[in-house]
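The values are calculated or read from the model by the stated rules, or taken from the named source; none is laboratory data. Source: prediction; values computed, not measured. Please note: Cβ atoms are built from the backbone with ideal geometry, for glycine as well, and neighbour counts cover all protein chains shown. Side chains included, ligands, DNA and RNA excluded: accessible areas come from the protein's heavy atoms. Shrake-Rupley method; radii C 1.70, N 1.55, O 1.52, S 1.80 Å.
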Amino acid sequence: MKPDSAPASSAAAGGGAVRPPSLPVTAMLYYGLFGLPLAMLALPIYVYVPRFYAQRGALTLAVIGAALLAARTVAAFIDPLLGWWITRAGGAYRRAVLVALPLLVVGYAMLFHPPPLTGVSALCWFLLSLMLVYTGFSLATIAHQSWGAALTQLPGERSKLAAVRESCGLLGVMTAAVLPAVFDYDALSYAFAATLLAGAACLLYMAPQPPVAVTDAAAAPLRFAELSAPFRQRRFRALFLVLMVNGVAASIPATLFLFFAEDRLRLGSNAGLFLLLYFVSAAASMAAWPAAARRLGEARAWVASMLLTAAVFVWAYWLGPGDAVSFGVICAVSGLALGADLALPPALLAGVIASAGDSGRREAAYFGVWNWGVQMTLALAAGVALPVLAWLGYTPGTGQGLGALSSAYALLPCCLKLIAAALLWRAPLRDC
């Protein structure tokens, strides 16, 4: 943020102030590695899970969508509470990560290794495993992102730190995309458990530790005003609205990817390769977007990525069987734009926190609400898109309702991307 808009930065800009030391790349890497297993969990939840349970035949597509919507909505409203809990403990990020680890391991094992159940029993197992995974994922993600925001408030360095974290996440996403295609879900489960423990060890014992705030809030009762405090900041409200619209735009094609690739394009087992191409392209762009942000500002650079995505992804609507090369080009170019979606929003949020004078004190409260927004976009994407497609006549594997599938996969996300770009362009964030 500019010095005249951020109290913390103003102090640093004053005469005689000492500039905080830069974080070495190794320190950033030790911090960022924990993002790898978290991403290995995130991709299967919103890409593999709908198809995994639909193929097993225990649940219909409409029931799966409704269950995902219900579970994500409940989990989303827990996120601000988790952020408040971390904040009132003075930023106890290490403790939050340790609590999250068993929830993640057990929930993941239950989700992808269910017993042979049907009907209500299958639905109850599905919901329970989802809640364990979502709670552990939210707790770990809020702590991890808050940890990074507390480490540095330097505009150039915060986007670089976010880029390192998201690059590790992309490596996890690519691993999650390849393993089920080459091996099976068992291999993905073993890889997730191993990288989760390794990443947690690097974060807890080798990464730089953020300052622990001294707080007297531990004995204070929970008040709604504390949970909603970030919304009192005009900049946060504007950024949060962009997050929601852009998040739904990104979540809908992610939820529908395998259905579109297999039923519309007839890619079969090669679908995972296109998913891999998408994330490889995103990884290749991770260094470019922080550089663009230094020249244009984080908000302007993010707008440019949204426009690029809409201009390219809309062509997927006209694709059909045999258009693998065209789809590959779309995946590659839109993947390049994805790097901005990953690196720039958390950096902008860190700037908003600094401008409010809450750096080093309330990062977890902001990221708790932020993660609530992320959860809600994923809930809306799965909980609305899947039942609506079923209502419009789309049935996986039958060839029915493919026109509705193409519209939902390509046209709707592009419209939402353009709306998000317009909102971001008008938001009071362009001095970032």
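Return the pair list, or none, for Cβ contacts closer than 9 Å from residues in segment 112-124 that are surrounded by 12 or more Cβ atoms within 10 Å (Cβ to Cβ) to residues that are of a type in the set (Ser, Thr, Tyr), at least 6 apart or on different chains.
As it stands, the answer is PHE112/TYR48; PHE112/SER129; PHE112/TYR185; PHE112/SER189; PRO114/TYR53; PRO114/SER129; ALA122/TYR53, since those pairs meet every condition given.
Suppose we keep only residues that are without any contact (Cβ under 8 Å) to a residue 40 or more places away in the chain and of a type in the set (Gly, Ala, Ser) within segment 302-312. Which one would you say is least open to solvent (accessible area, probe 1.4 Å)? Give the derivation first.
At the first step, the residues of segment 302-312 found to be without any contact (Cβ under 8 Å) to a residue 40 or more places away in the chain are 304-305, 308, 311-312.
Filter once more, so that each one left must be of a type in the set (Gly, Ala, Ser): 304-305, 311.
Numbers: ALA304: 44, SER305: 1, ALA311: 62 Å².
Only one residue fits best here, namely SER305.
Here are some residues: ALA219, ALA229. Which one is open to solvent by 30 Å² or more (accessible area, probe 1.4 Å) and modelled with pLDDT under 90?
Of ALA219, ALA229, the one residue that is open to solvent by 30 Å² or more (accessible area, probe 1.4 Å) and modelled with pLDDT under 90 is ALA219.
When the residues of segment 344-387 are narrowed to those that are in a helix (DSSP H, G or I) and hydroxyl-bearing (Ser, Thr, Tyr), which ends up most open to solvent (accessible area, probe 1.4 Å)?
Filtering first and then ranking leaves SER355.
Go through segment 388-413 residue by residue and tally those that are farther than 21 Å from PRO321 by Cα and open to solvent by less than 10 Å² (accessible area, probe 1.4 Å).
Total satisfying the criteria: 1.
Output the residue which, of all residues in segment 329-343 that are small (Gly, Ala, Ser) and farther than 13 Å from LEU275 by Cα, is surrounded by the most Cβ atoms within 10 Å (Cβ to Cβ).
The selected residue is ALA343.
How about segment 381-428: which of its residues are closer than 18 Å to THR60 by Cα and not hydrophobic (A, V, I, L, M, F, W, C)?
GLY383, PRO387, GLY393, TYR394, THR395, PRO396, GLY397, THR398, GLY399, GLN400, GLY401
Inside segment 157-171, can you point out the residues that are under 12 Å from GLY339 (Cβ atoms) and acidic (Asp, Glu)?
GLU166
Please specify each residue of segment 399-431 satisfying the condition of being without any contact (Cβ under 8 Å) to a residue 12 or more places away in the chain and over 29 Å from LEU344 (Cβ atoms).
GLN400, GLY403, listed by residue number.
Return the residues of segment 277-301 that are assigned to a helix (DSSP H, G or I) and open to solvent by 40 Å² or more (accessible area, probe 1.4 Å); say none if nothing qualifies.
Across segment 277-301, the qualifying residues are LEU277, TYR278, VAL280, ALA284, ALA288, ARG294, ARG295, LEU296, ARG300.
Within segment 155-178, restricting attention to residues that are farther than 17 Å from ALA287 by Cα and open to solvent by 30 Å² or more (accessible area, probe 1.4 Å), which residue is farthest from the chain's Cα centre (by Cα)?
VAL178
So which of ALA70, ALA100, ALA66 is surrounded by fewer than 23 Cβ atoms within 10 Å (Cβ to Cβ), touching a Gly at 6+ places or on another chain (Cβ under 7 Å) and part of a helix (DSSP H, G or I)?
Numbers: ALA70 fails: touching a Gly at 6+ places or on another chain (Cβ under 7 Å); ALA100 fails: surrounded by fewer than 23 Cβ atoms within 10 Å (Cβ to Cβ).
Result of the check over ALA70, ALA100, ALA66: ALA66.
Test each condition in (1) of a type outside the set (Ser, Thr, Tyr); (2) within 30 Å of VAL352 (Cα to Cα); (3) open to solvent by less than 40 Å² (accessible area, probe 1.4 Å); (4) not in a loop (DSSP other than H, G, I, E, B) for ALA422 and report the one that comes out false.
Looking at each condition in turn, ALA422 falls short on (3).
Looking only at segment 313-325, count every residue that is open to solvent by 30 Å² or more (accessible area, probe 1.4 Å) and either of a type in the set (Val, Ile, Thr) or not in a helix (DSSP H, G or I) (or both) and tell me the total.
Residues in segment 313-325 being open to solvent by 30 Å² or more (accessible area, probe 1.4 Å) and either of a type in the set (Val, Ile, Thr) or not in a helix (DSSP H, G or I) (or both): 5 in total.
Tell me which residues, restricted to segment 8-42, are modelled with pLDDT under 75 and assigned to a helix (DSSP H, G or I). Spell out how you get there, then give the answer.
Let us first name the residues in segment 8-42 that are modelled with pLDDT under 75, namely 8-21.
Selection gives ALA8, SER9, SER10, ALA11, ALA12, ALA13.
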